[in-house]
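The values are calculated or read from the model by the stated rules, or taken from the named source; none is laboratory data. In this text, all values refer to a predicted model and were calculated from it rather than measured experimentally. Every residue, glycine as well, gets a Cβ built from its backbone with ideal geometry; the counts of neighbours run over all protein chains shown.
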Amino acid sequence: MATHPLRRSADRSRTPGPGTVSLVVLVARDDPDPGRFLDRLPDSVDQVVTVEAPGAGRPFRWPDIAWGDRVVLIQADGSMSPDDIPHFLYYLDHGFDFVKGSRFIAGGECTAYPAFRRMGHRVLLTAARRLYGQQLTDVWYGFCAFRREFLSLLEEQRDPPELVGPETVVHALHYGLRIAEVPSREAPGSDRRTTARTFHEGRRILRVLWRERPRNALLRFAARHRRGCRPRERA
């Protein structure tokens, strides 16, 4: 069944049902042990695809070999727990198109979040709420899952690997997907960002939020159709 790519939250919910799951693990070059959590994967994961983060200036594309009806993105740096995956899938099976983790709602946790990062995150939240009208609680955290039929809308990423998840969230906001947030616990000591790196990444996310703002949605959607890039339908 085809689904309109600009589906809004007021649309009728989809019928719940089982489906296959592909887990895409984004591996950065400095990850010491990218497979450290593979023995903790829930039984609902049918396929694991590891993807090396692209270098500077090279866009990231979701791998074609990820064949699951539902796709989950997780970082290999240990900051995201695979124990949360069933919660993501529950919401995908009950009417939502895109599910993301949040460290700042009940049940979530962020053990190390310096003041300068909190201030930057508040700026990003304010921008997201003003530009998109969505009351998200965590823009920076890129642990997310979505239905495969929206892959063509979310797949191309032009920013550094650390921002693949956040940019995917912004794409979901841009195209009006029905979004749910679920509690996530960031592992202690997993964030190695310096002040300079945090500022640099925050500025990039803010730029993406502005670039993807809703006033550009119709033009971007028309451009995708001209290039023949339509949402993929489920078989």
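May I ask you to say which residue of 138, 64 is in contact with a Ser or Thr (Cβ under 8 Å, 6 or more places away or on another chain) and within 20 Å of residue 164 (Cα to Cα)?
138
Which of the residues that make up the stretch 59-73 are over 17 Å from residue 96 (Cα atoms) and acidic (Asp, Glu)?
Answer for the stretch 59-73, where residues must be over 17 Å from residue 96 (Cα atoms) and acidic (Asp, Glu): just 64.
Output the residues belonging to the stretch 133-164 that are in a helix (DSSP H, G or I) and at pLDDT 85 or above.
148, 149, 150, 151
What are the residues in the stretch 34-56 that are modelled with pLDDT under 90 and either over 19 Å from the mean Cα position of the chain (by Cα) or part of a loop (DSSP other than H, G, I, E, B) (or both), if any?
34, 35, 36, 37, 38, 39, 40, 53, 54, 55, 56 - these are the residues of the stretch 34-56 that are modelled with pLDDT under 90 and either over 19 Å from the mean Cα position of the chain (by Cα) or part of a loop (DSSP other than H, G, I, E, B) (or both).
Within the stretch 86-110, count every residue that is of a type in the set (Asp, Glu) and either assigned to a helix (DSSP H, G or I) or buried (at least 20 other Cβ atoms within 10 Å of the Cβ) (or both).
So the answer is 1.
Could you say which residue among 202, 176 is modelled with pLDDT under 85 and either outside any helix (DSSP H, G or I) or touching a Leu at 6+ places or on another chain (Cβ under 8 Å) (or both)?
202
Does residue 138 satisfy the condition of being acidic (Asp, Glu), buried (at least 18 other Cβ atoms within 10 Å of the Cβ) and closer than 24 Å to residue 40 by Cβ?
yes
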